[in-house]
Amino acid sequence: MQNSLDPLSDRACRMTQAYKTGIELRKILRDRACLRSAVSEVTIYTEHLKDKYSEWHPAPDSFEGMLRLFIYRKITGDSYRTLETYQELAEPFGLDHVPDESVLSRTWRNRFDDGVCEYVTVAAHFVVKEIHDHGPAVSAVRPKEEVTNSKLESAEDDEQDEFGGVEFSDEQISRTTRLARDHGFDGFDSGRAQNASYEDVQFFELQTFMGMVGCGTAQGAARFQFRRGEEYGPHGDTHLRAIKQFEPETLIKGFDEASDRLLSAIASEASFRRPVTAAIDITTIPYYGDVEGMPMVSGMKGEEERAFKFATLSIVGENIPLVLAVEPVRESSAWDRNPPNQVHRVVRQLVQRAKEHVPIETVLCDREFDSKRVYQTLSNLGVNYLVPTRINSTEREVIETMDADGQSVAVESASVHVESGRHSMQFLYVPSTSGEGTTVFATNLRIGPEEAESFCRRYSRRWQIENEYKSIKGDFLAKTSSKDYRVRLFYFVFAVLLYNIWRLTDFLLKAGVDGEMDYAPVLTAGECVEIVVSALIPPD
């Protein structure tokens, strides 16, 4: 690749066009288009881009369509495996279908040369930085730290394990991953008889394998037995029976113990910042079966949509991103007699368990947690909070007064009075990151008008949790259609555990390198799970 940026060089022209694509993308997004629509509409400049596949090459995918798909991937940070599931991207991007992960990998490595890879990366990374710095808020966009000062990928070094100019050997990665794995699995105990045919770890091995290959229990067990031997691996029905031995309370306790073990591995690392900023959110796993007798299934916004819901508390910001606590969400639905959901109780459970591992400074929640009881719960737990509020008549009156007075920022003092206590708090009125209107945040910190806008930018750290959920469900969650909630909970908790093992492995690798810690991962999720499984399954 040329180092020169002679204005007449191909590379200079290519970089100019990459930034033009990025600028146009940002403009389309500011007009409130979704990311998929924006990428499908943006101009792709191919004059200085070379398709290495000849016209007679059997590859059926259009060059421009693949460029759009990879720009989308570089903006979201999605893995190939996750991208493969987004078939709705095919038509707007000009493709017959979204190719599988092997085709995607070959396209980046073999079809795109260095110039094409640079064009895609520069355009996408420009959009990511602009979105985080200036808005609008786009939940699909990856965290800014994943692209800041990152090395542009080429066809030869796409997503290789490199940090600060130091390459990690397979031996280093394998050793560190095994260390993280050993810290993660030991906290779980099914309580099965000592003379059981299979040890718990053998079921964990199978579950890891299923998460890696993205298959269901029966198929995963058969493939696992083929690799490991019929005598070693349990059958699919045996696996499900063993999983059902983990009662929800026992499983959550095991996850808490695993979190403590994982954090103990980094206790002495100065680059792990304490106290932490945490984000609480709720994610859903779709359910399509009969809801009769299914109290843990909740309704969604769509009349026919149903899902299991799980709340999590995660470390966010400039720190190692780990999920510290998981809590099942049990809501009242038309088909059961559950009491109305008390979201503040979910918040209390999450924060109490997380504080057993690390001190928490600030908790970020989305509007689903906009509740006086949530505010008081967090205040009672001794943590700061920052929560966007719903815009009601009171907030509208303040915003109208601000507009009349030409104010862009305002701070209103208030207080919370509920049965569990009372405390002083504030409402912060700041410009929306979308560039239009005003957003209102609630906090129990004393913030002046001159610092309100910069303080509320901290909320952008919560976007990391969306990427976290993508990875958990796209890279680590095994498939199942089971109606048994114990199975559903085990699959989700185990996927979160594998995500934590990946993040811990990545942190331990980088902690051994001198220099400032960069929180963009050097080890992909897929590589981590493959190494975990390679430690469990001997090679052919």
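Laid out as a table, the results:
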quantity	calculated
Elements of type strands (runs of 3 or more DSSP E) contained in the range 272-389, each with 1 or more residues being open to solvent by less than 10 Å² (accessible area, probe 1.4 Å) and under 23 Å from R446 (Cα atoms)	276-287, 306-316, 360-365, 384-388
Test: residue in the range 247-269 that is more than 30 Å from Q349 (Cα to Cα), touching a helix residue (DSSP H, G or I) at 6+ places or on another chain (Cβ under 9 Å), buried (at least 20 other Cβ atoms within 10 Å of the Cβ) and small (G, A, S)	no
Matching residues in the range 202-234 - criterion: being farther than 17 Å from K479 by Cβ and open to solvent by 70 Å² or more (accessible area, probe 1.4 Å)	F226, R227, R228, E230, E231
Considering residues of the range 49-80 that are modelled with pLDDT of 90 or more and either assigned to a loop (DSSP other than H, G, I, E, B) or charged (D, E, K, R) (or both) only, the residue nearest to D114 (Cα to Cα)	L49
Any hit, the range 89-102, residues being open to solvent by less than 50 Å² (accessible area, probe 1.4 Å), among the aromatic types (F, W, Y) and within 30 Å of E436 (Cα to Cα)	yes
Residue that is farthest from G211 (Cα to Cα), among those in the range 475-512 that are of a type in the set (A, V, I, L, M, F, W, C) and over 18 Å from the mean Cα position of the chain (by Cα)	A511
In the range 338-360, the residues that are farther than 30 Å from P275 by Cα and touching a residue at least 24 places away in the same chain (Cβ under 8 Å)	N338
The lone exception for V398 - which of (1) in contact with a His (Cβ under 7 Å, 6 or more places away or on another chain); (2) not in a strand (DSSP E or B) it fails	(1)
Residues within the range 79-113 that are in contact (Cβ under 8 Å) with a residue 24 or more places away in the chain and either of a type in the set (V, I, T) or within 21 Å of E146 (Cβ to Cβ) (or both), tallied	14
Among (1) among the small types (G, A, S); (2) over 26 Å from C528 (Cα atoms); (3) touching a residue at least 24 places away in the same chain (Cβ under 8 Å) - the single one A124 does not satisfy	(2)
Residues located in the range 81-112, provided they are farther than 15 Å from I71 by Cα, outside any helix (DSSP H, G or I) and more than 24 Å from the chain's Cα centre (by Cα)	D96, H97
Some residue of the range 281-290 being modelled with pLDDT of 90 or more and under 16 Å from A354 (Cβ atoms)	yes
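So that you can scan it fast, the table gives a plain yes or no per residue for (1) open to solvent by less than 10 Å² (accessible area, probe 1.4 Å); (2) assigned to a helix (DSSP H, G or I); (3) without any contact (Cβ under 8 Å) to a residue 24 or more places away in the chain; (4) more than 26 Å from E257 (Cβ to Cβ):
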site	(1), (2), (3), (4)
E451	no, yes, yes, yes
W463	no, yes, no, yes
E466	no, yes, no, yes
K479	no, no, no, yes
V496	yes, yes, no, no
N500	yes, yes, no, no
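For every residue, the table says whether it meets (1) open to solvent by less than 30 Å² (accessible area, probe 1.4 Å); (2) in contact (Cβ under 8 Å) with a residue 24 or more places away in the chain; (3) over 21 Å from V103 (Cα atoms); (4) not β-branched (V, I, T).
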position: A18; (1), (2), (3), (4): yes, yes, yes, yes
position: R30; (1), (2), (3), (4): no, yes, yes, yes
position: A38; (1), (2), (3), (4): yes, no, yes, yes
position: I44; (1), (2), (3), (4): yes, yes, yes, no
position: H48; (1), (2), (3), (4): no, yes, yes, yes
position: G65; (1), (2), (3), (4): yes, yes, no, yes
position: G77; (1), (2), (3), (4): no, yes, no, yes
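Conditions (1) among the aromatic types (F, W, Y); (2) modelled with pLDDT of 85 or more, marked per residue:
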site: F272; (1), (2): yes, no
site: P275; (1), (2): no, yes
site: M300; (1), (2): no, no
site: E303; (1), (2): no, no
site: F310; (1), (2): yes, yes
site: I315; (1), (2): no, yes
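The values are calculated or read from the model by the stated rules, or taken from the named source; none is laboratory data. Just so it is clear, the model here is predicted, and its values are computed rather than measured. Cβ: placed from backbone, ideal geometry, glycine included. Neighbour counts: every protein chain shown. Heavy atoms of the whole protein, side chains included, go into the accessibility calculation; ligands, DNA and RNA do not. Shrake-Rupley method; radii C 1.70, N 1.55, O 1.52, S 1.80 Å.
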